[in-house]
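Every number in this text was worked out from the coordinates using simple rules, so none of it is lab data. Since this is a predicted model, take the numbers as computed values, not measurements. Cβ placement follows ideal geometry from the backbone for every residue including glycine, while neighbour counts extend to all protein chains displayed.
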Amino acid sequence: MLRDYFVFVLNNLKSRRLRSWLTMIGIFIGIAAVISLIGLGSGLRAAITGQFGFLGTDVLSLQASGLASAGLPGTAVANPLSDTLAAKIAKVPGVEAAINRYLKSGTLEFKNKQEIGFAMSMPEGSNRKIVETMLNLKTAEGRLLKEGDNRMVLLGNGFTNPDIFPGGIHTGNQVLISGISYDVVGILEKKGSFIFDNAVLINEKTLLKDFGDDGTVNAISVKVKDERTIGKVKENIEKLLRKERNVKVGEEDFSVETPQKALQSLDSTLFAINLFVIIIASISLVVGGIGIMNTMYTAVVERTKEIGILKSIGARNSMVFQLFFIESGLLGMVGGIVGVILGLILAYGLAAAGRALLGVDLIQAKVSLFWIVFSLIFSFIVGLVAGLVPAYNASQRNPVDALRFVK
Amino acid sequence: MNMDEIKYSLNNLIHRRMRSFLTVLSILIGVMAIFAITSFGLGIKNYVDVLAQEAGTDKLYIEAKGIGAPGTDNTFFISKDEVDFVSKINGVKEISGLYTKPAEIRFGKERKYYFLSGLDISKIDFITEVFNSKIMKGRQLKKDEMGKVTLGYLYQFDNKIFKKAVKIGDKVEINENQLEVVGFYEEVGNPSDDGNIYITDKQMESVFPEIKNKFGVVMVSAQKGVDPEALADRIKEKLRKYKNEEKGKEDFFVQTFADAFATFNTIINVLNGILGLIALISVVVASVNIMNTMYTAVLERTQEIGIMKSIGAQKADIIFIFIFESGFLGMLGGIVGVIIGFIISKTGGLIAAASGFTFLRPIFPWYLIVGCILFAFSVGAIAGIFPAVQASKLKPVDALRYE
């Protein structure tokens with residue numbers, strides 16, 4: 001029975017080929033727009049949040065409160081963290097290590113070219129290994145920093161780019177960092193992350209000696225012994241900090257976050273922007289839906305006589321309804337399938353073109369299966385909803401009137 | 001082309017009421033979206049232009065390079081000596097270094113973080129002109145006054161910055177310093193600037209001793225008749241030599257206000273353009289719908305076309321009838337779209353203003369309204385071309401025979 005319906009519906013669609021095509025074009029333009037924007041949006045989101053890709057599940061990051069968006073971590077704060085805190089935090093039960101993290105901004109000069117950036121500290125002693133693991137540091141050439149390296153620097157992979165510094169910087173070169181000469185001991189692997197590919201790592205002692213030490217740190221990284229106890233450890237650290245900084249519960253002027261938590265707010269902002277764009281693109285889907293509705297109304301009027309004949313030879317209201325309902329659903333779904341294919345081509349094509357033109361790895365397309373299935377179902381539903389009223393109208397026609405109907 | 005043909009077209013549209021309605025609906029949605037987006041875009045552009053004009057085209061600023069907003073990074077700064085040096089450069093009318101730092105402000109038990117500026121009150125007229133914002137309540141700070149603070153517009157209201165509104169005479173704590181509020185600034189229009197905190201430069205030096213004589217930003221105005229662009233170049237060159245820095249390695253930059261605003265406007269235009277393009281997709285879909293409607297109309301009226309042709313209608317008459325019909329559908333969609341878009345923008349603007357984003361105020365110049373309606377008309381007319389030409393090519397004999 002259902003098969004007969006489909007044959008009937010397909011024949012109808014074929015006999016009005018041009019109209020069926022135009023109707024489906026409406027849907028597939030909309031779906032293609034939505035799919036490609038979702039693809040580019042989520043690709044960009046993944047790329048941006050991946051910039052901070054030093055996420056361990058057993059790490060907490062400690063910062064003083066401030067205007068977080070205004071500068072480097074720990075710079076736009078009112079009351080910076082003291083460098084004496086780490087030693088106290090290290091004694092909190094469950095903490096394996098608490099490490100002071102320093103960021104100092106300055107200039108880096110090589111072959112008469114100068115860029116402004118910031119240097120990160122590498123801690124001494126047993127903490128060095130922990131930070132290396134935490135940041136997943138591996139070298140592409142040369143070696144990592146080691147104990148006692150004075151005025152030696154480990155650079156991110158971006159510095160090898162000859163477009164930024166003439167010839168690129170490599171192991172064995174000398175660079176001027178804020179006017180002081182440093183030897184490059186190694187270059188990190190390419191990570192595709194802005195922060196790591198532009199990293200300047202210097203041993204803590206050297207960094208504090210050359211850039212000055214005002215007794216404050218930008219952040220404190222805490223590694224917990226067992227990641228299952230991370231919540232409890234976080235509470236204990238907060239308790240200690242409240243006492244040290246003399247603030248009451250609810251009035252904290254610092255934050256203790258897992259790195260994932262810190263990323264969530266950035267990710268949700270990006271998601272909101274993405275969503276707004278998709279909503280605007282979805283308007284075209286609504287317009288496509290209206291197109292289907294229009295086509296179905298026309299089909300009902302055109303086929304009034306057929307409806308009369310079907311009914312007079314025994315077709316029930318429900319059957320007439322289903323015929324038109326299936327027809328509009330099919331228009332939506334076929335439009336959706338073509339739209340998804342076009343959207344995927346568009347998303348990956350645009351991303352590839354963007355990468356080639358701008359030379360930025362940041363532009364990536366990523367379409368999850370969820371969104372593909374979702375858009376297919378959604379386009380089918382748009383078709384069904386658009387067909388609902390016309391199909392109902394058709395099913396309610398009186399056979400006698402319908403047979404008599406003149407266009 | 002006469003009234004009869006126009007009447008005939010309109011009658012047909014009324015006759016197929018449902019289909020006409022749906023077609024108009026599909027185009028009006030897109031026009032509405034474009035109208036709303038553009039009205040906001042133009043509004044922001046207008047806000048920036050007014051700001052640029054009021055701040056004056058004779059202004060420029062020197063800013064220390066560095067990472068993040070001015071004041072967060074003390075590695076690079078403009079020193080007091082350098083400001084004195086620049087003040088003597090030919091063409092400089094007024095100059096004032098601005099201390100700026102992110103700070104914590106406490107009121108009762110709440111803590112918030114905003115930018116704190118230390119002002120040289122002897123230059124207050126100049127600074128007021130640059131900020132383009134005056135004290136609206138209370139009074140301005142006095143030269144070297146200690147223990148007093150003036151606040152941005154939003155502090156005066158409940159639940160904007162703090163749960164409770166701050167009043168003149170109240171004490172707030174800024175980085176552990178108890179200060180008395182003596183005045184409030186008028187509204188600038190964005191929550192960040194309207195949350196600013198202002199103290200005297202002397203007070204600033206006592207709150208942050210480490211930044212004494214180190215400015216993040218220096219504001220400059222050009223003398224009458226001096227081209228600010230040329231002055232900017234001159235300052236850049238002379239200050240570079242004074243600081244003994246090589247060309248291309250300056251740790252500061254000089255920009256005119258006009259340039260800074262132009263950059264901002266470019267960003268707004270690009271964003272607006274992208275959103276507009278995405279909204280345009282729905283107009284493309286709508287034009288496909290119109291084309292569909294018109295093809296159907298041609299098909300349905302094949303016999304009528306045959307009759308018209310057999311009693312002497314020319315090809316041009318038939319083309320005119322159908323293009324007029326589809327263009328009219330488009331224009332109707334444009335008019336209704338503009339009306340609904342206007343309502344949406346107005347409402348959106350009011351909501352934004354209530355949340356402190358007064359700069360998100362849509363404007364509706366006549367060219368936007370006329371442009372949207374004309375655009376909708378052209379989309380309709382263009383979508384009607386193919387069906388109309390098809391109709392005009394029908395042979396009267398075949399058309400009369402058509403069932």
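Per the helix-only calculation at 222 nm, which mean residue ellipticity applies to the protein assembly as shown, given -39500 (n - 2.57) for every DSSP H run of n ≥ 4 and division by its residues, nearest 500 deg cm²/dmol? Each step should come with its number before you reach the end.
Values: 23 runs with 436 residues, N = 810.
Rounded to the nearest 500, the figure is -18500 deg cm²/dmol.
State the percent of C-alpha pairs, over all pairs in the protein assembly as shown, separated by a distance greater than 38 angstrom. Kindly include the intermediate steps, with their values, before the conclusion.
Numbers: 185234 of 327645 pairs.
Distances greater than 38 Å cover 57 percent of the Cα pairs.
GNM on chain B, C-alpha springs below 10 Å: top fluctuator among B:346, B:137, B:224?
B:224
If R0 is 45 Å, what FRET efficiency do you get for residue B:243 and residue A:248 from their C-beta distance, rounded to 0.05?
Working: r = 47 Å, r/R0 = 1.04.
Taking R0 as 45 Å, the efficiency between residue B:243 and residue A:248 is 0.45.
Would you mind ranking B:296, B:358 by Cβ crowding within 10 Å, fewest neighbours first?
Least to most surrounded, the residues fall as B:358, B:296.
Between the range B:258-311 and the range A:305-337, how far is it from one alpha carbon centroid to the other, in angstrom?
31
If you take the beta carbon distance between residue B:210 and residue A:269 as r and set R0 to 30 Å, what does 1/(1 + (r/R0)^6) give as a FRET efficiency, to the nearest 0.05? Spell out each step's value before the answer.
Numbers: r = 33 Å, r/R0 = 1.09.
E between residue B:210 and residue A:269, to the nearest 0.05, is 0.35.
Computed FRET efficiency, Cβ-Cβ of residue A:276 and residue B:192, R0 25 Å: what is it to the nearest 0.05? Each step should come with its number before you reach the end.
Working: r = 21 Å, r/R0 = 0.82.
That gives a FRET efficiency of 0.75.
Against the empirical 2.2 N^0.38 Å scaling, what ratio does the C-alpha Rg of chain B come to?
Numbers: Rg = 31.3 Å, N = 403, 2.2 N^0.38 = 21.5 Å.
Dividing the Cα radius of gyration by 2.2 N^0.38 Å gives 1.45.
Which net charge results for the neighbourhood of residue B:224, defined as the other residues with beta-carbon distances under 14 angstrom from its beta-carbon, given Lys and Arg at +1 and Asp and Glu at -1?
Working: positive: B:59, B:93; negative: B:58, B:94, B:227.
Within the 14 Å Cβ shell, the charges total -1.
What's the lysine pair count for the range B:308-403 at a Cα cut-off below 25 Å, pairs eight or more apart or interchain?
Numbers: B:309/B:393; B:309/B:395; B:315/B:393; B:315/B:395.
Here the count comes out as 4.
Could you line up B:76, B:386 from fewest to most neighbouring Cβ atoms inside 10 Å? Could you put the intermediate results ahead of the total?
On the way: B:76 19, B:386 14.
With the fewest neighbours first, B:76, B:386 line up as B:386, B:76.
Report, by chain and number, residues whose modeled amide H sits under 5 Å from the one on residue A:122, excluding near sequence neighbours (fewer than 5 apart, same chain).
Residues meeting the amide H criterion: A:202, A:203, A:204.
Counting other C-beta atoms within 10 Å, and keeping those with at most 11, which DSSP coil trypsin sites (Lys or Arg not before Pro) do you find in the range A:221-274? Please list the in-between numbers first.
On the way: sites: A:223, A:225, A:228, A:232, A:234, A:239, A:242, A:243, A:245, A:248, A:261; in loops: A:225, A:248.
When the trypsin sites (Lys or Arg not before Pro) of the range A:221-274 are filtered for loop state and at most 11 Cβ neighbours within 10 Å, A:248 remain.
Need the list of lysines near residue A:190 for cross-linking: C-alpha distance under 26 angstrom, and skip anything on the same chain fewer than eight residues off.
Qualifying lysines at Cα under 26 Å: A:104, A:111, A:113, A:129, A:138, A:146, A:223, A:261, A:366.
Based on the alpha carbon coordinates of the range A:103-217, what radius of gyration and maximum Cα-Cα distance (Dmax) apply, in Å?
13.1, 38
Using Cβ counts within 10 Å as a stand-in for footprinting exposure, how do B:320, B:253, B:21 rank, fewest first? Write down the numbers at each step before the final one.
Working: B:320 19, B:253 12, B:21 16.
In increasing order of surrounding Cβ atoms, one gets B:253, B:21, B:320.
Calculate how many DSSP beta bridges within the range A:103-217 are antiparallel, expressed in % of all such bridges and rounded to the nearest 5.
Working: 20 of 27 bridges.
Bridges in the range A:103-217 are about 75 percent antiparallel.
Taking a cut-off of 12 Å between Cα atoms, list the aspartates and glutamates near residue A:14, but don't count ones fewer than 8 places away on the same chain.
Answer for residue A:14, where 12 Å is the Cα cut-off: A:327, listed by chain and number.
Rank A:244, A:204, A:124 by mean-square fluctuation in a GNM of chain A with C-alpha springs under 10 angstrom and give only the top-ranked residue.
Looking only at A:244, A:204, A:124, the largest GNM fluctuation is found for A:244.
Could you state the orientation-averaged shadow area of the convex hull built on the Cα atoms of chain A, in nm² to one decimal?
The number I arrive at for chain A is 27.6 nm².
Taking the simple approach of a point 7 Å from Cα along Cα-to-Cβ for both residue B:132 and residue A:213, what is their distance in nm?
Each label point lies 7 Å from its Cα, and together they span 4.8 nm.
With each pseudo-label sitting 7 Å past Cα toward Cβ, what's the residue B:81-residue B:386 distance in nm, one decimal?
7.5
What is the distance, in nm, between label points placed 7 Å from the Cα along the Cα-to-Cβ direction at residue A:115 and at residue B:177?
3.8
How about residue B:148: which lysines have a C-alpha closer than 16 Å to its C-alpha, ignoring those fewer than 8 places off in the same chain?
B:137, B:167, B:171, B:202
Under 20 °C and 1.002 mPa s, how fast does the range B:220-366 diffuse according to Stokes-Einstein, given a Kirkwood radius computed over C-alpha pairs? Answer in µm²/s, whole number.
Values: Rh = 21.9 Å.
For the chosen part, D equals 98 µm²/s.
For the range B:32-49, take each phi angle, set θ = phi - 60°, evaluate the Karplus expression 6.51 cos²θ - 1.76 cosθ + 1.60, and give the result in whole Hz per residue in order, putting x for glycine and proline.
Along the range B:32-49, the couplings run 4, 5, 5, 4, 5, 4, 5, 5, 5, x, 5, x, 5, 4, 4, 4, 5, 4 Hz.
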